[in-house]
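**Q** Handing you a structure now.
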Amino acid sequence: MKKLSLIALATAMCLSGGIAAASRYGLQDPQTSIARDIYSLHTLILWICVVIFVAVFGAMFYSIFKHRKSVGHKAAHFHENTTVEVIWTVIPFVILLGMAYPATKTIIEMKDTSNPDLTIKATGYQWKWGYEYIKGEGSLTGVSDGVSFYSNLSTPQEQIHDPKVQKGENYLLEVDNELVVPVGKKVRILTTAADVIHAFWVPAFGVKQDAIPGFIRDTWFKVDQPGVYRGQCAELCGKEHGFMPIVVRAVSEEEFKDWASKQKPAAVAAAPAADATQVAAVAPAADATAAAAGPVDGKKTYEGLCAACHGAGIAGAPKVGDKAAWTARLAQGDATLAKHAIEGIRAMPAKGGNPALSDAEVKAAVEHMVGLSK
Amino acid sequence: MEAVHGHDHAHDHHHPTGITRWLTTTNHKDIGSMYLWFSFTMFITGGILALGIRAELFQPGLQLWKPEFFNQLTTMHGLMMVFGAIMPAFVGFANWQIPLMIGASDMAFARMNNFSFWLLPPAALLLASSFFVPGGATGAGWTLYAPLSVQQGMGMDLAIFAVHIMGASSIMGSINIIVTILNMRAPGMTLMKMPLFVWTWLITAYLLIAVMPVLAGAVTMLLTDRHFGTNFFNAAGGGDPVLYQHVFWFFGHPEVYIMILPAFGIVSQVIPTFARKPLFGYASMVYATASIAILSFIVWAHHMFVTGMPAAGQLFFMYATMLIAVPTGVKVFNWVATMWKGSMTFETPMLFSVGFLFVFTMGGFTGLVCAVAPIDIQIQDTYYVVAHFHYVLVAGSLFALFSGTYFWLPKWTGHMYDEKLGKLHFWLSMIFFNMTFFVMHFLGLAGMPRRIPDYSQQFADFNMIASIGAFGFGLTQLIFLAVIIKCIKGGPKAPAKPWEGADTLEWTLPSPAPYHTFETPPVVK
Amino acid sequence: MQHAQAYYVPSPSKWPIVGSVALLFMGFGAAFLMNDIPAGPWVLLVGFAILVWMMFGWFGEVARESEAGKYGPQEDISFRWSMSWFIFSEVMFFAAFFGALFYMRALSVPDLASGATGEYLWTSFKAGWPVSGPGIDETFTAMGPWGIPAINTLILLTSGVTVTWAHHALKHNNRGQLNLGLFLTIALGVVFLCLQVYEYVHAFHELNLTLGMGAYGATFFMLTGFHGFHVTIGTLMLIVMLFRCLAGHFKPEHHFAFEAVSWYWHFVDVVWLMLFVLVYWL
Ligand code: HEA
Ligand code: HEA
Ligand code: CUA
Ligand SMILES: [Cu+2]
């Protein structure tokens, strides 16, 4: 049994090293220079570790088989040797230096987000992504300025909940609106979030960057080849954390321009609010403090956001329509209710968790809710 | 562990019996046993939560739980295993063994010692009951990152108070351990003659008193952000969610070494015993342990490589983290050198220690892979990290705990455990452990995020293997329980020194160790 | 004890379990209270009452043991080590909040006003100190150092002197001076606390400085609040010491409880000096 499991382990080790090329066992096929650097860095370090591992445990197993009592081995008595201690302190140190050198180069490269051709702001929401092509930052200026939209999971709910329904090929990794970028251009991604921390991650690009509410962080990539690349939110962000994928479609520059020109009129005409599934009637373009101007629609805000909790009374939220739950609250007066809805109270997140909403919008939503609950 | 305490007649104290004995005891052996039983209970609880996770992940799609409940399972699994199972188990070992190994009559503050223990059940109750309050337990991950944790319901407050109480327990426990070691060694037991287990605990206790208060500070700020209008972790108020992460990981990284240094200590007792050869490089082991502890204070941000810190920050934390491989390597090499040219036998404690060495080192290597910042950008928050830390926590801390339990059970109970069952426990644990967690490396590299209740199709087969392995591993632990119960109830009488190569003080005492030991300190030459 | 020299191991005691029941109640009570469950305050109160009972019982037992001469030189060393490391853990607790202050002042506030963050998210925000935060419209006035805080600094420094004086007196068995010194220390502690309360009222009502005032408000109240809490504990401990002195406890060569309290008091003093410089002054 001992041998068997050893063999199993050894094979497993080899798998992880030898077949590293196949993405099932190793990193995904890299599509950018950074991802390639990471890939080879990983391969390098993996092999160094495998070699050290084999050497150390080769010695250990040799000893286990030869220096056991059952084969009559008598214990030696040595227990100290400064020379070997120094040797096995220095050698690993030198090996580490060898690892640190290429790693340092890659870090410096990764961190260089200067001179992008295109800048896109990615905003994490609970639970979807909003993308906004930023004006005037990069040589592709003018092509896609101001285009903005939300990107939601598009896998049908039945596939998730009903085991009898066949799951699609890109189960959980498909969205309604893909992020479109040109190949061969340096794309800088600014990340931020509206509620909690999310992370923008596209494995094939070697890009992962936390999206932190109230702060902007950035990262960049330059895709080699056209194609569709899939990633996911990589920071626990609440219940639908597993359901906010990122899909990037890389296209040629012409196709990109073509796409952008089709987007623009739509974007200008209806703002991103065009999409009915959207949370609130606010463009991701709106910064976290001031909401975009526009008609304030309390019902829409309620249905898009507040109903998530207040519809069914989740987490202790007073259920809309449940008079008993509201009487005491109504007694506080409208101003207090609105204040609590805006600032949040206990489990009630400020502005329902979407700081992009304006005070007026939240107030409208409260009025709508109160109207239904009196 | 009734059998342990048969020989109490000579003593003049009138000891309460029944439940009052356990509630009021000031005896380090009683308290050690309570710690061990408590931690085993929490291990089962946390393990069952883990099985809940693995059952949902058995295949794609949402079968069993709502996503929010899944998050609660993950969070509570992490919290209970770390604070409920592993840490108290090591404190249990400290209670039993430190006085015996340094020739002290008890812990320095016997009454406070009992308080340290009895704080844990209330904390565990707070945690466990949070599943039943409105909104359920917290689902923000064991790291309780703001602002997600600010959003949570009442379960979060219960978790915060539980952390406060467990922190108080740990601080009192460590002060007790430090004072006992510094002030109550038998005459002649100089620091550099102390068994390595005692050394590792001394250093661990320092880590604990340095970082538990910081964790208390972190969750206190969380609490005021939740209820008292402060904005520590909110940009609109000049704060920063990342501030939470800095404070948390300033605690969190030393914390993971808190969970491994005593394990190193146990292994350093077991390997020389069964190799029948003194520990190789005792002094360098002590220095290595201290270096690991000191370095652990300057590496915390390796958990934060993707928060967007400046390149200089990434470089600093990457270099510092990689450095830890050096002292840890020294330890690994010293253990192998201890085995070298020994006269080894492989009873269960030795099997678990060798297993520890083999598998923990793999976990160390994957840690090193994580430490390389560019690679970590790819694998942070994926199953690769989950694989890494279960290799060091389960095959590291837990296996060492198993090893130590088998090693000292004869001393604790006065009986030999069932060697056959023990070996079976080892081999099945080893196989199922690797089956569960090895494949997670592949999942992580290929891009499966952690903390998700459902995943895309390409991850299906490895997840299925992992889930089967997890259930196998869990059931295997029933063998462990059986061995312990059998051993307490009876079994061959254990001699004072059941292991030929053992040479520390506790083996000079009869088995089971009498209720009061070393009331006149032994003299160590 | 059987052996004259053996280390003192107390016999079984109910106080630890009483204490843990207290904390169980307090944990639930506080969580209930903060989530508006009506039983909350009562559960918390019960827990607190049990805790107070436990403290009287437990510390009473220790005081009796001490007076009965059960603690020899070795136990004395234990107490010294333990108090030192306990104070060290308190230092680390404050370090977390000082760290937060440093981080906000030196990193997050400037960060919010600069780079892409300032450009896209908080356009009109300017970094500086004292400051609330870019999303807070209300204004406040920061607490100046040279009013009450400076007086408080003097008070605490003086109290450090009086407690040392009392200690000196104890060592020379001058009970009158001892009691007077202790009394003065306590009085200074109480005056400090009163001034602190006055300062808070002033902050709330006249300066509009509250916990909700962003970076400054949060760190100001967290640091001064926890410090004030520690002064309160310290004062209570001094009061206990005074009662024990009046009851004739302690001997010139044997009075570690007194010393421990004075160590604690000095620690609280040092924290205040750091507060004065880092929170009020700079
Ligand atoms: C017992 C617990 C334990 C231990 C001992 C370790 C040990 C190490 N850990 Fe691990 N770690 C965790 C518990 C632990 N970790 C946990 C719980 C998390 C996740 C927390 C969470 O997010 O929930 C984590 C996460 C974690 C991360 C963050 C990953 C991420 O979230 O992206 C990193 C990154 O640097 C890391 C690194 C390391 C390193 C370098 C070591 C080193 O100490 C390892 C050193 C050992 C060796 C290297 C092997 C032996 C050495 C030799 C044989 C010498 C020769 C070797 C060479 C020269 C290569 N760990
Ligand atoms: C400290 C120690 C520790 C230990 C021992 C374990 C043990 C196990 N963990 Fe651990 N785990 C963590 C610490 C630990 N874990 C942490 C810190 C996290 C991160 C949490 C977070 O992300 O916030 C984590 C996260 C984590 C995840 C990722 C969850 C996610 O990201 O969503 C998974 C998934 O497989 C997992 C699985 C397991 C399994 C199968 C075991 C098994 O080894 C458990 C085996 C034990 C038992 C099963 C109990 C004993 C069983 C019996 C006595 C049998 C009787 C009962 C029945 C069979 C009904 N753990
Ligand atoms: Cu968004 Cu996870
Ligand atoms: Cu770490």
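**Q** Tell me, yes or no, whether the range A:147-155 has at least one residue that is facing chain B (nearest Cβ under 10 Å) and closer than 15 Å to A:P245 by Cβ.
**A** Among the residues of the range A:147-155, at least one is facing chain B (nearest Cβ under 10 Å) and closer than 15 Å to A:P245 by Cβ, which makes the answer yes.
**Q** Collect the residues in the range B:227-242 that are of a type outside the set (F, W, Y) and either within 16 Å of ligand 2 (Cβ to nearest atom) or surrounded by fewer than 23 Cβ atoms within 10 Å (Cβ to Cβ) (or both), keeping them in residue-number order. Don't jump to the end; show me each part of the working.
**A** Residues of the range B:227-242 of a type outside the set (F, W, Y): B:227, B:229-231, B:234-242.
Passing the criteria: B:H227, B:G229, B:A236.
**Q** If you don't mind, there's one more thing I want to ask. Would you say B:L144 is open to solvent by less than 10 Å² (accessible area, probe 1.4 Å), assigned to a helix (DSSP H, G or I), more than 30 Å from B:D106 (Cα to Cα) and modelled with pLDDT of 95 or more? Explain how you work it out, then say what you get.
**A** Values: open to solvent by less than 10 Å² (accessible area, probe 1.4 Å): yes; assigned to a helix (DSSP H, G or I): no; more than 30 Å from B:D106 (Cα to Cα): yes; modelled with pLDDT of 95 or more: yes.
Taking the combined requirement at face value, the residue does not satisfy it.
**Q** Counting only residues that are over 30 Å from B:K29 (Cα atoms) and in a helix (DSSP H, G or I), which one in the range B:117-141 is most open to solvent (accessible area, probe 1.4 Å)?
**A** Filtering first and then ranking leaves B:F132.
**Q** Let me spell it out: the conditions are (1) within 16 Å of ligand 3 (Cβ to nearest atom); (2) part of a strand (DSSP E or B); (3) within 30 Å of B:N234 (Cβ to Cβ), and A:D218 meets all of them except one. Which number is the exception?
**A** Checking A:D218 against (1) within 16 Å of ligand 3 (Cβ to nearest atom); (2) part of a strand (DSSP E or B); (3) within 30 Å of B:N234 (Cβ to Cβ), the one that fails is (1).
**Q** Of all the residues that make up the range B:410-449, how many are crowded, with 22+ Cβ neighbours inside 10 Å and over 30 Å from B:E500 (Cβ atoms)?
**A** Of the residues in the range B:410-449, 13 are crowded, with 22+ Cβ neighbours inside 10 Å and over 30 Å from B:E500 (Cβ atoms).
**Q** Further, regarding this structure: Against the conditions (1) part of a loop (DSSP other than H, G, I, E, B); (2) farther than 27 Å from A:G242 by Cα; (3) in contact with a His (Cβ under 9 Å, 6 or more places away or on another chain), where does B:P522 fall short? Just the number, please.
**A** (3)
**Q** Do the conditions hold for B:D381, that is, is it facing another protein chain (nearest Cβ under 10 Å), of a type in the set (D, E) and away from ligand 3 (no atom under 16 Å from the Cβ)?
**A** no
**Q** Is it true that some residue in the range B:148-155 is away from chain C (no Cβ under 11 Å) and either modelled with pLDDT of 95 or more or open to solvent by less than 10 Å² (accessible area, probe 1.4 Å) (or both)?
**A** Checking the range B:148-155: at least one residue is away from chain C (no Cβ under 11 Å) and either modelled with pLDDT of 95 or more or open to solvent by less than 10 Å² (accessible area, probe 1.4 Å) (or both).
**Q** Among the residues in the range B:102-110, are any more than 8 Å from chain C (Cβ to nearest Cβ) and either in a helix (DSSP H, G or I) or open to solvent by 10 Å² or more (accessible area, probe 1.4 Å) (or both)?
**A** Looking for residues that are more than 8 Å from chain C (Cβ to nearest Cβ) and either in a helix (DSSP H, G or I) or open to solvent by 10 Å² or more (accessible area, probe 1.4 Å) (or both), one finds at least one in the range B:102-110, hence yes.
**Q** What are the residues in the range B:217-234 that are at the interface with another protein chain (Cβ under 7 Å from one of its Cβ atoms) and in contact with a Phe, Trp or Tyr (Cβ under 6 Å, 6 or more places away or on another chain), if any?
**A** B:G217, B:A218, B:M221
**Q** Among the numbered criteria (1) assigned to a loop (DSSP other than H, G, I, E, B); (2) farther than 25 Å from C:G115 by Cβ, which one does A:P102 miss?
**A** Against the list (1) assigned to a loop (DSSP other than H, G, I, E, B); (2) farther than 25 Å from C:G115 by Cβ, A:P102 comes up short only on (1).
**Q** While we're looking at this one, here's another question. Go through the range A:181-208 and count every residue that is open to solvent by 10 Å² or more (accessible area, probe 1.4 Å) and in a strand (DSSP E or B).
**A** Result for the range A:181-208: 1.
**Q** On the given criteria, is B:M322 assigned to a helix (DSSP H, G or I) and at the interface with chain A (Cβ under 7 Å from one of its Cβ atoms)?
**A** When the stated conditions are applied, B:M322 passes them.
**Q** Moving on to the next point. Can you find a residue in the range A:150-167 that is of a type in the set (G, A, S), in a loop (DSSP other than H, G, I, E, B) and either touching a strand residue (DSSP E or B) at 6+ places or on another chain (Cβ under 8 Å) or surrounded by 24 or more Cβ atoms within 10 Å (Cβ to Cβ) (or both)?
**A** yes
**Q** With the requirement that a residue be surrounded by fewer than 22 Cβ atoms within 10 Å (Cβ to Cβ) and assigned to a helix (DSSP H, G or I), what does the range B:57-79 give you?
**A** B:P67, B:E68, B:F69, B:H77, B:G78
**Q** Mind checking which residues of the range B:349-375 are closer than 16 Å to B:L445 by Cβ and open to solvent by 10 Å² or more (accessible area, probe 1.4 Å)?
**A** B:M362, B:F365, B:T366, B:G367, B:L368, B:C370
**Q** Now, a different point. Give the range A:322-357 a look and list any residue that's away from chain B (no Cβ under 14 Å) and surrounded by 22 or more Cβ atoms within 10 Å (Cβ to Cβ), or say none.
**A** Result: A:A341, single match.
Here's the yes/no breakdown for (1) in a helix (DSSP H, G or I); (2) more than 30 Å from C:G214 (Cβ to Cβ):
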| site | (1), (2) |
| --- | --- |
| B:V242 | yes, no |
| B:H246 | yes, no |
| B:F250 | yes, no |
| B:H253 | yes, no |
| B:A263 | yes, yes |
| B:I266 | yes, yes |
| B:P278 | no, yes |
| B:A288 | yes, yes |
| B:A293 | yes, yes |
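**Q** Test each condition in (1) within 9 Å of chain B (Cβ to nearest Cβ); (2) surrounded by fewer than 18 Cβ atoms within 10 Å (Cβ to Cβ) for C:S82 and report the one that comes out false.
**A** Of the numbered conditions (1) within 9 Å of chain B (Cβ to nearest Cβ); (2) surrounded by fewer than 18 Cβ atoms within 10 Å (Cβ to Cβ), the odd one out for C:S82 is (2).
**Q** Something else now. Looking at the structure I just gave you, is C:I17 aliphatic (A, V, I, L, M) and not in a helix (DSSP H, G or I)?
**A** no
**Q** Please identify the pairs in which a residue from the range C:198-218 that is assigned to a loop (DSSP other than H, G, I, E, B) has its Cβ atom under 6 Å from the Cβ atom of a residue that is hydrophobic (A, V, I, L, M, F, W, C) and buried (at least 17 other Cβ atoms within 10 Å of the Cβ), counting only partners at least 6 apart or on another chain.
**A** Cβ pairs passing all conditions: C:L207/C:F140; C:N208/C:F140; C:L209/C:F140; C:L209/C:A203; C:L211/C:F221; C:M213/C:F140.
**Q** Which members of the range B:348-399 meet the condition of being β-branched (V, I, T) and closer than 18 Å to B:M435 by Cβ?
**A** Those that are β-branched (V, I, T) and closer than 18 Å to B:M435 by Cβ: B:V359, B:T366, B:V386, B:V392, B:V394.
**Q** Yes or no: the range A:90-109 includes at least one residue that is on the phi > 0 side of the Ramachandran plot and not basic (K, R).
**A** The answer is no, given that none of the residues of the range A:90-109 is on the phi > 0 side of the Ramachandran plot and not basic (K, R).
**Q** Let me ask something else about it. Quick one: which residue in B:G404, B:G342 is open to solvent by less than 10 Å² (accessible area, probe 1.4 Å) and facing chain A (nearest Cβ under 7 Å)?
**A** None of the other options fit; the residue is B:G342.
**Q** Does B:E255 satisfy the criteria of being over 24 Å from B:K193 (Cα atoms) and either open to solvent by 10 Å² or more (accessible area, probe 1.4 Å) or away from ligand 1 (no atom under 14 Å from the Cβ) (or both)?
**A** no
**Q** May I ask you to list the residues in the range A:232-248 that are more than 12 Å from ligand 2 (Cβ to nearest atom), surrounded by 24 or more Cβ atoms within 10 Å (Cβ to Cβ) and at the interface with another protein chain (Cβ under 7 Å from one of its Cβ atoms)?
**A** Result: A:Q232, A:C237.
**Q** Okay, next question. Looking at B:M350, is it more than 8 Å from ligand 1 (Cβ to nearest atom), in a loop (DSSP other than H, G, I, E, B), more than 8 Å from chain A (Cβ to nearest Cβ) and of a type in the set (A, V, I, L, M)? Working first, answer last.
**A** Values: more than 8 Å from ligand 1 (Cβ to nearest atom): yes; in a loop (DSSP other than H, G, I, E, B): no; more than 8 Å from chain A (Cβ to nearest Cβ): yes; of a type in the set (A, V, I, L, M): yes.
No; evaluated as a whole, the condition is false for this residue.
**Q** Residue check: is B:V306 open to solvent by less than 20 Å² (accessible area, probe 1.4 Å), within 7 Å of chain A (Cβ to nearest Cβ) and either within 16 Å of ligand 2 (Cβ to nearest atom) or charged (D, E, K, R) (or both)?
**A** Yes, satisfied.
The values are calculated or read from the model by the stated rules, or taken from the named source; none is laboratory data. Because the structure is predicted, anything quoted here is derived from the model rather than measured. In this analysis, Cβ positions are derived from the backbone assuming ideal geometry, glycine residues included, and neighbour counts consider all displayed protein chains. Quick note on the areas: whole protein, heavy atoms, side chains included, nothing else; ligands and nucleic acids left out. Shrake-Rupley method; radii C 1.70, N 1.55, O 1.52, S 1.80 Å.
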